[in-house]
């Protein structure tokens, strides 16, 4: 098992991890809102989306846009973007680029103690949610069993599986009923090692440690 405690104020500096979209400016109107006419490097339409934040550079005439704080855009069509109020800016002459800016995003995550009590389970399809909830409780029951007995449940030992199930049912009062078959099967094989899975979890842990 692996838990990454990112804390309440975790900043993601590049939420998309993709190359920023860029286009060449052909015209910018004076108005509220201002309309930007632009094309991609190959002469085709731009690739911006509604809500993207952009910055301008190299604009001649309407130089107030150069180096200005990132502003959101609204896409009108493949060649036109709507930006903020440009009615008080100088008339546009020529040139310039408009480039997407990936703004940092702050996220808040629960601590391990909170996540154990109120897990955020993401499954597809939704029908798998009861099984995932049962496995979440089964892992906690497994830890409780190990604390009590100093070992993991023996493979295919009905009495050990029953004890894990009882612990899970006690814990399930906070999460709802558990699937008994899932918990029993989980307990029966929990002492085994799957080398490919161990390698994957180890690699994931190393990656998170490097971050």
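Things worth noting here:
- For the range 119-210: rounded, prolate or oblate by the Cα gyration tensor [a/c cutoff 1.5]: oblate
- The range 22-101 shape via C-alpha gyration tensor axes, a/c threshold 1.5: rounded
- Over the range 119-210, Cα pairs under 8 Å with separation of 6+ residues give a relative contact order of 30 percent.
- Residue list for the range 109-136, given a label point 7 angstrom along the Cα-to-Cβ vector of residue 5 and an amide N cut-off under 15 Å: 109-117
- Helix-only CD estimate at 222 nm, as mean residue ellipticity for the chain, using -39500 (n - 2.57) per DSSP H run (n ≥ 4): -10000 deg cm²/dmol
- Estimated distance in nm for a label pair at residue 77 and residue 21, the labels positioned 7 Å out from Cα along Cα-to-Cβ: 1.7
- Among beta bridges that DSSP assigns inside the range 22-101, antiparallel share in %, nearest 5: 95
- Ranked list, fewest to most other Cβ atoms within 10 Å of each Cβ, for 195, 22: 195, 22
- Computed on the range 60-163, with alpha-carbon pairs under 8 angstrom and 6+ residues apart, the relative contact order is 17 percent.
- Mean-position separation - Cα centroids, the range 78-153 and the range 179-211, in angstrom: 22
- Sorting 109, 92 by the number of Cβ atoms found within 10 Å of their own Cβ, with the fewest placed first, yields 109, 92.
- Among 86, 53, 37, 16, the order by Cβ neighbours within 10 angstrom, fewest to most, reads 16, 53, 37, 86.
- Each label point was placed 7 Å from the Cα along the Cα-to-Cβ direction; for residue 189 and residue 105 their separation is 3.5 nm.
- The chain shape via C-alpha gyration tensor axes, a/c threshold 1.5: prolate
- For the chain, averaging the sequence separation of C-alpha pairs within contact (under 8 Å, six or more residues apart) and dividing by the residue count gives a relative contact order of 20 percent.
We did not get these values from a lab; they are worked out from the coordinates using the rules stated. Owing to the predicted nature of the structure, the values given are computational and were not obtained by experimental measurement. Please note: Cβ atoms are built from the backbone with ideal geometry, for glycine as well, and neighbour counts cover all protein chains shown.
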